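Please treat every number below as a calculation from the coordinates, not as lab data. Everything quoted here is computed from the prediction, not taken from an experiment. We place every Cβ from the backbone using ideal geometry, glycine too, and count neighbours over all the protein chains shown.
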Amino acid sequence: MNVKIEESWKARLQNEFDKPYFEALTAFVRQEYANNKVYPPPGLIFNAFNRCPFNEVKVVIVGQDPYHEPGQAHGLCFSVTDGVALPPSLINIYKEIHADLGKPIPKSGNLERWADQGVLLLNATLTVQAHRAGSHQGKGWELFTDAAIRHLANEREHLVFILWGAYAQRKGAEIDTNRHLVLKSPHPSPLSAHRGFFGNKHFSKANEYLLAHDKQPIDW
């Protein structure tokens, strides 16, 4: 496994790499890739960081697990590679963008275009075994991604944190809401989207906040 992370993130997260939990996590992940089918491909584990350097982050969207079916996960939460059928949560995200901003619903579920504009699409857990949702939870990834969120919250100003569902909201519980915009709603999953995800207007609210702080809005 030859896995690299973008230099500005590496500088901030080096302390995590040196901790015992990360050594244990690395050993576990290596073993999983050697013995099982694991997603995303190893070179895309840190894709969210590699496409969105620390000082270019404007918006953070927090997910939970990578997708666990073939060809879907590529290291960006809620995103799938070109040509893959849109997952239900992403369909609902696109529906809300359409309702909020009037934008047509794209055919592709590849959200690299968001990442390249400064949207950090961060799953709490960065790997998963095929067909086994949650299989890599509790192994240390959550500590690592908590550290990434903490660095952003403490070292940057006027970011937008988008937290859908109770899990993401717990992960963002320590963010200073005087320093950043924190947007919360139910998760876009079909199980919960009708309880307040639809109509949350998070995409227009994010852009209004960015504009108010002299930042380019996101072309959602």
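Against the globular-protein guess of 2.2 N^0.38 Å, express the Cα radius of gyration of the chain as a ratio, rounded to two decimals. Working shown, then result.
Numbers: Rg = 16.6 Å, N = 220, 2.2 N^0.38 = 17.1 Å.
It is 0.97.
So if R0 is 25 Å, what FRET efficiency would residue 184 and residue 37 give, r being the distance between their Cβ atoms, rounded to the nearest 0.05?
Values: r = 34 Å, r/R0 = 1.37.
Here the calculated transfer efficiency is 0.15.
Can you check what the net charge comes to around residue 35, using other residues whose Cβ is under 15 Å from the Cβ of residue 35 (Lys, Arg +1; Asp, Glu -1)?
Numbers: positive: 30, 37, 132, 139; negative: 32.
Surrounding charge for residue 35 is +3.
With the dipole of the chain worked out from charges on the C-beta (+1 for Lys and Arg, -1 for Asp and Glu) around the Cα centre, which of 192, 78, 163 lies farthest toward the positive end?
The listed residue farthest towards the positive side: 192.
For residue 182, enumerate residues with amide H under 5 Å from its amide H, sequence gap 5+ or separate chain, H modeled in the peptide plane.
161
Using a cut-off of 17 Å between alpha-carbon atoms, which lysines can reach residue 205, once sequence neighbours fewer than 8 places away in the same chain are excluded?
Partners found: 58, 95, 103, 184, 215.
Loop only by DSSP, 14 or fewer other Cβ within 10 Å of the Cβ. Give me the GluC sites (Glu not before Pro) in the stretch 141-220 that pass, ordered by residue number. Write out the running numbers ahead of the final one.
Numbers: sites: 142, 155, 157, 174, 208; in loops: 157, 174.
Here the GluC sites (Glu not before Pro) that fit, given the DSSP loop and packing criteria, are 157, 174.
About the Cα centre of the stretch 20-92, how large is the charge dipole given +1 on each Lys and Arg Cβ and -1 on each Asp and Glu Cβ? Please answer in debye to the nearest 20. Display every interim value, and only then the final one.
Working: 4 positive and 6 negative charges, 17 e Å.
That gives the stretch 20-92 a dipole magnitude of about 80 debye.
Starting at the first residue of the stretch 164-175, write each ³J(HN,Hα) from the Karplus equation 6.51 cos²θ - 1.76 cosθ + 1.60 with θ = phi - 60°, in whole Hz, x for Gly and Pro.
9, x, 4, 4, 5, 5, 5, 5, x, 5, 8, 5
If you put +1 on each Lys and Arg Cβ and -1 on each Asp and Glu Cβ, how big is the dipole of the chain around its Cα centre, in Debye rounded to 20? Intermediate results must be reported in sequence, preceding the final value.
Details: 24 positive and 23 negative charges, 82 e Å.
Roughly 400 debye for the chain.
Post the alpha-carbon centroid distance, the stretch 1-65 to the stretch 93-151, in whole angstrom.
Result: 13 Å between the Cα centres.
For the stretch 1-104, take every pair of Cα atoms, bin their distances at 10 Å starting from 0, and report each bin as a whole percent.
Histogramming the stretch 1-104 at 10 Å steps yields 13, 36, 35, 13, 3 percent.
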